[in-house]
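Everything on this sheet refers to the single structure shown next.
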Amino acid sequence: MLEEWDWSEHFAGQPETLRYLNLVADKFSLRRDIQFRSRVAAALYAEHTHSWHITLDDGSRFSTRFLLTAIGPLSSPTMPRIEGVETFGGQSFHTARWPHEPVAFTGQRVAVIGTGATGVQTIQTIAKDVGHLTVFQRTPNWCAPLHNSKIDAETQKKIKANYPEMFRRCQETFACFIHTPDRRRTFEVSDEEREAFYEKLYAEPGFGIWQGNFRDILIDRKANATISDFVARKIRQRVKNQQVAEKLIPRNHGFGTRRLPLETFYYEVYNQDNVELVDITETPSRQPASRPAIANTNSTSSSTPPASMPSPAASTGSTSRAWTACG
Ligand SMILES: Cc1cc2nc3c(=O)[nH]c(=O)nc-3n(C[C@H](O)[C@H](O)[C@H](O)COP(=O)(O)OP(=O)(O)OC[C@H]3O[C@@H](n4cnc5c(N)ncnc54)[C@H](O)[C@@H]3O)c2cc1C
């Protein structure tokens, strides 16, 4: 399978990932062993028969000796709890329930609520086309550049030749990523050396700056302050309006102590004239109007947009949209 399949870029987008999953399902005839649209409503273990009795929400029942529950830790979305949200007159979307049809944002007035990993990817993607974008932020996250790129034929060959080594390495690392922490402690090197190391990591693709950093940055506050300060300076350099930059710098946690969103020109979005950042800790949320105005919610890498978010087709006029980003 790995020999057959060529990934087009280092961090594949949703359509390509879906094509790959479908190919795997076809190649290994997996569909014949899967029953779709079947929600398990109850599972009871019978001690006397040593078996599970499973009931689906349509009432059908099954018995099985073994039950593996791969129901995911994050598969249940939290919908926005904003007073009046149900009477909002515009269109609204939750990233966990993204429509399969393309959504046209071109020229629209859009609000995104939440600046977690999904919010960040959404903002950087739709900012290219929207008429006006308002971002509602409660807690900023530390983000680092994804540096995605196409995979050329030669690199493809090298990757394929290296698969066994990659898998072996991932099995040995803390989070099953390819990066291993640097063996040095933060203050074992000079200030200049540390700065150069952080620059190198900031310029590399993926989670290296998080998982391949000095081994003590996530356990020593002073060590962590050095990388937090480095990334804060990057934000200040990339965002022209320094008041906005300060709002985008997290204050309540150190770099990497929460899931790190990876971004592609996310911070540059705030240099666009048609983008506004609203800190909801300063500006309490308002009840959405029944006609298009503002709605919604809360917040959580790769440069890939959320499920099926192709480029908007064409402008559909001035109707504004509310848009929720959660994760
Ligand atoms: C916002 C967000 C961004 C992420 N970004 C990335 C990323 O960029 N890269 C990455 O590698 N990982 C990412 N992850 C993590 C990745 O999505 C998860 O680790 C992965 O999907 C977990 O796979 P899983 O099969 O365990 O669970 P899931 O993919 O959650 O699948 C669980 C399935 O079980 C079903 N289910 C639940 N309850 C029942 C029931 N009672 N009966 C029947 N079915 C049920 C659900 O509908 C779901 O289809 C992200 C996760 C989130 C939430």
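Any read-out appearing in this document is the output of simple, stated calculations on the displayed coordinates, not a laboratory observation. Because the structure is predicted, anything quoted here is derived from the model rather than measured. All Cβ positions, even for glycine, are placed from backbone atoms using ideal geometry, and neighbour counts span all protein chains on display.
Some notes on this structure:
- Shown here for the range 76-174: chymotrypsin sites (Phe, Trp or Tyr not before Pro) in loop regions (DSSP other than H, G, I, E, B) with at most 11 other Cβ atoms within 10 Å, namely 174.
- Taking a sphere under 11 Å around the Cβ of residue 215 and counting the other residues whose Cβ falls inside, with K and R at +1 and D and E at -1, yields a net charge of -1.
- Residues with amide H under 5 Å from that of residue 9, placed H, sequence gap 5 or more: 151
- Calculated from backbone phi, Karplus (6.51, -1.76, 1.60) coupling profile of the range 72-79 in Hz, x at Gly/Pro: x, x, 9, 8, 10, x, 9, 7
- Backbone amide hydrogens, once placed in the peptide plane, bring residue 130 within less than 5 Å of 107, excluding anything fewer than 5 places away on its chain.
- Coupling constants for the range 249-257 follow from the phi torsions by the Karplus curve (6.51 cos²θ - 1.76 cosθ + 1.60, θ = phi - 60°), and in residue order they are 8, x, 10, 9, 7, x, 4, x, 7 Hz; glycine and proline get x.
- Surrounding net charge for residue 117, when Lys and Arg each add one and Asp and Glu each subtract one, Cβ distance under 15 Å: +2
- Other residues within the sphere of radius under 15 Å centred on the Cβ of residue 263, judged by their own Cβ, net out at +3 (K and R +1, D and E -1).
- Amide H contacts of residue 214 (H built 1.01 Å from N, in plane; Pro and chain starts excluded): 182 sit under 5 Å, all sequence-distant by 5 or more or on other chains.
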